[in-house]
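Participant: Below is a structure I'd like to ask you about.
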Amino acid sequence: MTAQATGTDILDVAREQVLEHGVPLRQEQVLSVLRTDDDRLPDLLALAHEVRMRYQGPAVEVEGIVSLKTGGCPEDCHFCSQSGQFTSPVRSVWLNIPELVRAAQQTAATGASEFCIVAAVRGPDDRLMRQMREGVAAIRAAVDINVAASLGMLTHDQVDALVSMGVHRYNHNLEAGRSYFPQVVTTHTFEERWETCVMVKDSGMELCCGGLVGMGESLEQRAELAAQLGELEPHEVPLNFLNPRPGTPFGHLEPMETADALRAIAAFRLALPRTILRYAGGRELTLGDLGTRDGLLGGINAVIVGNYLTTLGRDPRADLALLDELEMPIKALNETF
Amino acid sequence: MAVEPVASPSSPGTWCGQCGEAADSGAHIRCALRAELEPPRWCVHCRRRMTVQVTPGAWTATCVRHGSVEQATWS
């Protein structure tokens, strides 16, 4: 008797457990999904899509991001071209408030409901917090869009300050599973990241917390990241695919295989059935146009449109046309999943 | 006429804006591919590293000697 007939096939298990009962896959189950053969990939993606549609619906959340402070970061995240510790060609630069507002306006013009302000820092200093206060106020006065932020590790006072500014969502990624994290970052710990995430959740802000795949981690460690994100229960998980940056310690790695990336998307969806799962950096390189479409039909229900922090993205018209073709409406401002 | 810090047909420059190596030191095939997803980082005229600001719909590259150029990435 085959595993499938006895009901031990992971896709059968996931259909019953996740789709029918809404119970996320556990770490060892996620690992089984990540190990599925290529010939099962279409079935896996179809199941992940069913789960997304049942628990999140057809709408897609569209977001734009911008770097308020680029480069010169004291941390050593090995995937990042903005660390001041590497020989990356990215130089430090600050965005002024009028340009920040213009970026929010550009983003809103695509129909996006989210605009995330990002700074390459360990955590915000007084100057950055002043810039944030001024910038968020200027955006809220000029643009009808939700403002999110990603400023590194926070203190309780900084969390409170961001809430008072009207920042509704805060991004702080785990980046990698706990066991692989020391291979990715040495200047701070996984636990420090976790503490900021918990503070954000406790504050009432929505937590956006994801990570990267394709950094040389094992499948076990990839499954571990999914499970630890599930434990944290963020409102949104941005899923990045490593885009190897020149001059960084991970600059020599090859982009991950498209099929592996799609398996990761489906696995994260089955581990996080009620979470917004967003395409973040690296999808253009790893998935291309066809893979982007497959991922949207395999568990993804949010996208970043336009450019990233230091690299360029697809023309938003291509993404919006694809959503239209797939009959996936853009999530409206203030709409909840 | 002012010279921009990025390559143009009329002013290709001496250095590759993507890798910073001499523009005539090879085919720079990977650099050409990279340019589809990345703004230039080196001034093509003086090889200085530029400050580059990327926004959702554009990028601006600035060389302290050869000035700034902004390029929209969607209309």
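Participant: As an exercise: evaluate B:Ala22 against (1) closer than 19 Å to A:Thr87 by Cα; (2) within 14 Å of another protein chain (Cβ to nearest Cβ); (3) surrounded by fewer than 17 Cβ atoms within 10 Å (Cβ to Cβ); (4) of a type in the set (A, V, I, L, M, F, W, C) and give the number of the one condition it does not meet.
Facilitator: (2)
Participant: May I ask you to say which residue of A:Glu217, A:Glu233, A:Glu224 is over 17 Å from A:Ile300 (Cβ atoms) and either surrounded by fewer than 21 Cβ atoms within 10 Å (Cβ to Cβ) or among the β-branched types (Val, Ile, Thr) (or both)?
Facilitator: When all the criteria are applied, what remains is A:Glu233.
Participant: Under the condition of being in a loop (DSSP other than H, G, I, E, B) and within 11 Å of chain A (Cβ to nearest Cβ), which residue from segment B:48-75 is surrounded by the most Cβ atoms within 10 Å (Cβ to Cβ)?
Facilitator: Per the stated criteria, the residue is B:Pro56.
Participant: Additional query: Grab the helices (runs of 4 or more DSSP H) fully contained in segment A:236-337, keeping just those with 2 or more residues being within 11 Å of another protein chain (Cβ to nearest Cβ).
Facilitator: Because the criterion is at least 2 residues that are within 11 Å of another protein chain (Cβ to nearest Cβ), the helices (runs of 4 or more DSSP H) in segment A:236-337 that meet it are A:283-286, A:316-325.
Participant: Residue check: is A:Leu212 buried (at least 24 other Cβ atoms within 10 Å of the Cβ), more than 14 Å from chain B (Cβ to nearest Cβ), touching a Gly at 6+ places or on another chain (Cβ under 8 Å) and closer than 25 Å to B:Gln18 by Cβ?
Facilitator: yes
Participant: When residues of segment A:268-277 are filtered for being among the basic types (Lys, Arg) and buried (at least 24 other Cβ atoms within 10 Å of the Cβ), how many remain?
Facilitator: Looking only at that region, the number is 1.
Participant: Could I ask something else about it? Give just the number: which of (1) of a type in the set (A, V, I, L, M, F, W, C); (2) more than 25 Å from A:Ser83 (Cα to Cα); (3) in contact with a strand residue (DSSP E or B) (Cβ under 7 Å, 6 or more places away or on another chain) does A:Leu219 not satisfy?
Facilitator: Unmet for A:Leu219, out of (1) of a type in the set (A, V, I, L, M, F, W, C); (2) more than 25 Å from A:Ser83 (Cα to Cα); (3) in contact with a strand residue (DSSP E or B) (Cβ under 7 Å, 6 or more places away or on another chain): (3).
Participant: Can I ask one more? Looking only at segment A:257-267, count how many residues are in contact with a helix residue (DSSP H, G or I) (Cβ under 6 Å, 6 or more places away or on another chain) and surrounded by 20 or more Cβ atoms within 10 Å (Cβ to Cβ).
Facilitator: 6
Participant: Exactly one condition in (1) free of Cβ contacts under 8 Å to residues at least 40 places away in the same chain; (2) more than 8 Å from chain A (Cβ to nearest Cβ); (3) of a type outside the set (Phe, Trp, Tyr); (4) surrounded by 13 or more Cβ atoms within 10 Å (Cβ to Cβ) is false for B:Ala32; which is it?
Facilitator: Going through the list (1) free of Cβ contacts under 8 Å to residues at least 40 places away in the same chain; (2) more than 8 Å from chain A (Cβ to nearest Cβ); (3) of a type outside the set (Phe, Trp, Tyr); (4) surrounded by 13 or more Cβ atoms within 10 Å (Cβ to Cβ), B:Ala32 breaks only (4).
Participant: Let me confirm something: among B:Val64, B:Val54, B:Val6, which residue is farther than 25 Å from A:Leu242 by Cβ and modelled with pLDDT of 95 or more?
Facilitator: Every option except B:Val64 fails the conditions.
The values are calculated or read from the model by the stated rules, or taken from the named source; none is laboratory data. Here the structure is a predicted model, which means the values were calculated and not measured. Ideal geometry is used to build each Cβ from the backbone, glycine not excepted, and the neighbour counts take in all protein chains shown.
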